[in-house]
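The values are calculated or read from the model by the stated rules, or taken from the named source; none is laboratory data. On a predicted model such as this, the values are computed, not experimentally measured, just so you know. When we count neighbours, we look across all protein chains shown, and the Cβ atoms used for this are built from the backbone with ideal geometry, even at glycine. The area values use the complete protein model at the heavy-atom level, side chains included, leaving out ligands, DNA and RNA. Shrake-Rupley method; radii C 1.70, N 1.55, O 1.52, S 1.80 Å.
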Amino acid sequence: QVQLVESGGGLVQAGGSLRLSCAASGPSFSTYHMGWFRQAPGKEREFVAAMRWSSGNAFYSDSAKGRFTISRDNAKNTVYLQMNSLKAEDTAVYYCAAKYTGAYSSRSYDYNYWGQGTQVTVSS
């Protein structure tokens, strides 16, 4: 059984930084892709970043590129999302997700497992 638990959200001023963590438990994640999505009030869930666990290769949404970095710590079975230069429009609930093998995907419905989410609020 795969379990994903996010942490690290909070309130930050525009221009600041936050690091989100996603602690993963279950089988080996070497064949998984890990993703971060976010959902703002009244909006659809949107893709932020994803990474192939085995290689560390990552890809990002246009809004995240250059500001956010996805990474993982194999020893801790944890995926991170480092968010810099935060803007008010980054305010959302951020979700960690896992996709078992296959190709990269930015589509939420391709992901098999989800965490409960962590709130990020950026004040302007």
Taking Ala97 as the residue in question, decide whether it is within 19 Å of Pro27 (Cβ to Cβ) and touching a Phe, Trp or Tyr at 6+ places or on another chain (Cβ under 8 Å).
yes
In the stretch 1-42, what residues are among the β-branched types (Val, Ile, Thr) and either assigned to a strand (DSSP E or B) or closer than 16 Å to Gln116 by Cα (or both)?
Val2, Val5, Val12
Evaluation of Gln119 against (1) open to solvent by less than 60 Å² (accessible area, probe 1.4 Å); (2) out of contact with any Lys or Arg (no Cβ under 8 Å at 6 or more places or on another chain); (3) under 15 Å from Leu18 (Cα atoms) (one fails), failing number
(1)
Among the residues of the stretch 71-85, is any touching a residue at least 60 places away in the same chain (Cβ under 8 Å) and under 25 Å from Gln1 (Cβ atoms)?
yes
Residue count for the stretch 16-43, restricted to those that are closer than 15 Å to Thr91 by Cβ and out of contact with any strand residue (DSSP E or B) (no Cβ under 9 Å at 6 or more places or on another chain)
1
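Residue by residue, here is whether (1) under 11 Å from the mean Cα position of the chain (by Cα); (2) open to solvent by 20 Å² or more (accessible area, probe 1.4 Å); (3) acidic (Asp, Glu) holds:
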position: Gly10; (1), (2), (3): no, yes, no
position: Ala14; (1), (2), (3): no, yes, no
position: Arg19; (1), (2), (3): yes, yes, no
position: Gly35; (1), (2), (3): yes, no, no
position: Lys43; (1), (2), (3): no, yes, no
position: Phe59; (1), (2), (3): no, yes, no
position: Lys65; (1), (2), (3): no, yes, no
position: Asp73; (1), (2), (3): no, yes, yes
Just name the residue that is nearest to Gln116 (Cα to Cα) out of those in the stretch 43-61 that are at pLDDT below 95 and in a loop (DSSP other than H, G, I, E, B).
Trp53
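Results for (1) among the small types (Gly, Ala, Ser); (2) under 16 Å from Phe37 (Cβ atoms), shown as yes or no for each residue.
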site: Asn57; (1), (2): no, no
site: Ser61; (1), (2): yes, yes
site: Gly66; (1), (2): yes, no
site: Ile70; (1), (2): no, yes
site: Thr78; (1), (2): no, no
site: Leu81; (1), (2): no, yes
site: Leu86; (1), (2): no, no
site: Ala92; (1), (2): yes, yes
Unique match (being among the aliphatic types (A, V, I, L, M), assigned to a loop (DSSP other than H, G, I, E, B) and under 23 Å from Gly15 (Cα atoms)) among Ala75, Ala103, Ala64:
Ala64
Of all residues in the stretch 89-105 being open to solvent by 40 Å² or more (accessible area, probe 1.4 Å) and among the small types (Gly, Ala, Ser), which is modelled with the lowest pLDDT?
Gly102
